[in-house]
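Let me begin by presenting the structure, written as structure tokens, before commenting on it.
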Amino acid sequence: MSKAVLAHRSRVLAAVALGGALGSTLRYGVSLALPHADGGTVWPTLTVNVLGCFVIGAFTVLLAETERHHLLRPFLGVGVLGGFTTFSGYLADAGGLLATGQPLYAALYLPLTVLLALPAVVCGAALAGGLRTRSRRAPGTATGGES
Amino acid sequence: MTTLLLVALGGAVGAVLRYGIDRGVRHARGSAFPWGTFTVNVVGSFLLALLVGGAATFDGLGSPGSRALLVVGLCGALTTFSTFGQDTVRLYTSGARSHAVRYVLVTILGGIAAAALGFGSTVALAYL
């Protein structure tokens, strides 16, 4: 492997690690900030997963358009958003509901997250698409140009 | 403060592992189906259940520090919901609607099975 390739890969891994540390810390912050009764409620995980899906939807549209830095996707997409959202925590929440004798809530929580998170991806993408179109139409903007 | 650093450290390692596993699986399978993300989510769910189940048996695993590092940090970041959601929407909008539905079901059922296996094995170990 050449020195340049090795240096590039190290930079990508560092961006993923840094993003993962940041995203996980943010997720932990949300879990502290949101009220959770004893036994643990599902709100923190539901919040990070739906919010993270919204942001990744927007981010994907914006990144496809702009002159992107090659470390932006590893840092933001893989690192921050991947670290912020969690699938294991989602199942652990359902397990917690089951363990505390609330199987009905566990059965509702699993599809509820999916039914909120998937539209969140679409909404994020639609919002970013709308903003992009507006900024193109706005007079005096140098970027864009195709009509 | 220490807890925060442990979460960050676990998160950094988890994210790098997810990136590596995803790339490795994608390279090996080379299909449009997101097997890489599927793998990390199932493996991470197994690991989390193993740790949570193990904490009931082995005191060290149940400490706040190891929970922050391994459960919140490592397992939390090893698995992802954002890429799972994004891939599902991508499959759906690209016309592979049945693939999208299958992907969601296979991931959730696979994750539950892996978690049950992880938790079950710690219960079995406790009785040994």
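Using only Cα atoms, tell me the angle between helix A:43-65 and the longest principal axis of chain A; keep it within 0 to 90° and round to the nearest 10.
Roughly 10 degrees between the two axes.
If all Cα-Cα distances of chain B are sorted into 5 Å bins from 0 onward, what percent lands in each bin, rounded to whole numbers?
Reading upward from the zero bin: 2, 12, 17, 20, 18, 13, 9, 5, 3, 1, 0.
Could you please tell me the mean projected area of the C-alpha convex hull for the protein assembly as shown, averaged over all directions and given in square nanometres to one decimal?
Numbers: hull surface 71.8 nm².
Answer in nm², one decimal: 18.0.
Between A:Val114, A:Val42, A:Val78, which gets the highest mean-square fluctuation from a Gaussian network model of chain A, Cα cutoff 10 Å?
A:Val114
Nearest 10 degrees, 0 to 90: what angle lies between the long axis of helix B:82-93 and the longest principal axis of chain B (Cα atoms)?
For helix B:82-93, the angle is close to 20 degrees.
Counting pairwise Cα distances across the stretch A:3-136, what percent come out greater than 28 angstrom? Intermediate results must be reported in sequence, preceding the final value.
Values: 2552 of 8911 pairs.
Percent of Cα pairs beyond 28 Å in the stretch A:3-136: 29.
Between B:Leu91, B:Leu105, B:Leu50, which gets the highest mean-square fluctuation from a Gaussian network model of chain B, Cα cutoff 10 Å?
In the Gaussian network model the winner is B:Leu105.
Rounded to the nearest 10 degrees, what's the angle between the helix B:2-29 long axis and the longest principal axis of chain B, both from Cα atoms, 0 to 90?
40
Scan around A:Leu34 for amide H atoms under 5 Å from its own, H built in the peptide plane at 1.01 Å from N, and keep only partners 5 or more places away or cross-chain.
none
Each residue of the stretch A:127-135 in turn: what ³J(HN,Hα) in whole Hz from Karplus with 6.51, -1.76, 1.60 and θ = phi - 60°, glycine and Pro shown as x?
4, 5, x, x, 5, 5, 4, 5, 5
No value in this document is a laboratory result; all are computed from the given coordinates. Predicted model only: the values in this text are computed from it and were never measured.
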